[in-house]
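Presented below is the structure to which this report refers.
The values are calculated or read from the model by the stated rules, or taken from the named source; none is laboratory data. Just so you know, these numbers come straight off a predicted model, no measurement behind them. Cβ placement follows ideal geometry from the backbone for every residue including glycine, while neighbour counts extend to all protein chains displayed. Remember, those area values only see protein heavy atoms, side chains included, never the ligands or the DNA or RNA. Shrake-Rupley method; radii C 1.70, N 1.55, O 1.52, S 1.80 Å.
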Amino acid sequence: VPKYGTLIAPQLNALNHQHFFSMRLDMSVDGQNNSVYEVNTEAEPRGPKNPHGNAHFATRTLLRTESEAQRIIDPLAGRHWLVTNPSVKNYLGQEVAYKLIPGENVLPFAHPDASVMKRAAFMTKHLWVTPYEPQEMTTTGDYPTQHPGGAGLPAYTSADRDVVDRDIVVWYTFGHHHIPRLEDWPIMPAAHIGFSLKPVGF
């Protein structure tokens, strides 16, 4: 029985592996000066405010710098992110926004010292936010198979720039975790993965 894969035919081992994708979202929500909030849901403790024990509420946290905006999904908190325009309000006085909702996702299982982790360090976080810079176009830098590590998003964010009320770029990383099945051979069926962007408050 293979330890690192699945026996899918006699003497044929399909190795466990992962597929990672990164989307560069050059946001402009009703203008260029945008901010990003992380939204988590919490249960209200049982008491006078929650006599039936079923109330819960969402908390918003402003991500102020590039280091604060390096985030990981948390489905147990219903975590999502809002890209807002603080200067544009709807008729209720609320900021207009787009909601980034994670779909299927995972973190890499490669060892931190593996070459793939050094060259594709964007995989270590699901969300990155940077100020717009025209030369910052790729998550891994211009030469991902040739640099020793640290290029791309780690280098872009090393200065820990401010990302509040600015022209920003949101980078979303999502990974497909593939433990092969017998049904994946000889032709693997299609696998679907992604995320959602939904308008909020328009």
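Summed over region 66-104, the residues that are closer than 13 Å to GLU38 by Cα and polar (S, T, N, Q) give a count of 2.
Within region 111-125, if we keep just the residues that are part of a loop (DSSP other than H, G, I, E, B) and either more than 18 Å from the chain's Cα centre (by Cα) or free of Cβ contacts under 8 Å to residues at least 40 places away in the same chain (or both), the residue that is farthest from ALA155 (Cα to Cα) turns out to be HIS111. May I ask you to verify whether THR6 is touching a residue at least 12 places away in the same chain (Cβ under 8 Å), of a type in the set (S, T, N, Q), assigned to a strand (DSSP E or B) and open to solvent by 40 Å² or more (accessible area, probe 1.4 Å)? No: the conditions fail for THR6. Exactly one residue among LEU82, LEU100, LEU107, LEU62 is in contact (Cβ under 8 Å) with a residue 60 or more places away in the chain, open to solvent by 60 Å² or more (accessible area, probe 1.4 Å) and in contact with a Ser or Thr (Cβ under 9 Å, 6 or more places away or on another chain), and that residue is LEU107. Just one of the listed residues (SER67, SER35) is open to solvent by less than 70 Å² (accessible area, probe 1.4 Å), closer than 13 Å to ILE168 by Cα and of a type in the set (S, T, N, Q), namely SER35.
For the residues THR138, THR145, the requirement of being touching a Lys or Arg at 6+ places or on another chain (Cβ under 9 Å), part of a loop (DSSP other than H, G, I, E, B) and closer than 26 Å to ARG64 by Cα singles out THR138.
Within region 110-122, the set of residues being among the small types (Gly, Ala, Ser) and surrounded by fewer than 18 Cβ atoms within 10 Å (Cβ to Cβ) comprises ALA110, ALA114, SER115. Among the residues of region 150-202, those that are closer than 22 Å to MET23 by Cβ and part of a helix (DSSP H, G or I) comprise LEU153, PRO154, ALA155, TYR156, THR157, SER158.
Counting the residues of region 123-154 that are of a type in the set (A, V, I, L, M) and exposed (fewer than 15 other Cβ atoms within 10 Å of the Cβ) gives 1.
Of all residue pairs spaced 6 or more apart or on separate chains, those with beta-carbon atoms under 6 Å, a first member in region 149-162 that is without any contact (Cβ under 8 Å) to a residue 40 or more places away in the chain and aliphatic (A, V, I, L, M) and a second member that is open to solvent by less than 30 Å² (accessible area, probe 1.4 Å) and part of a helix (DSSP H, G or I) are LEU153/PHE122. Cβ-Cβ distances below 8 Å connect the following pairs, each with a first residue in region 35-49 that is within 28 Å of GLU68 (Cα to Cα), a second residue that is among the aromatic types (Phe, Trp, Tyr), and a separation of six or more residues or different chains: VAL36/TRP81; TYR37/TRP81; GLU38/TRP81; VAL39/TRP81; THR41/PHE57; GLU42/PHE57; GLU44/PHE57. Residue check: ASN50 meets all listed conditions (1) farther than 30 Å from SER158 by Cα; (2) open to solvent by 30 Å² or more (accessible area, probe 1.4 Å) but one, namely (2).
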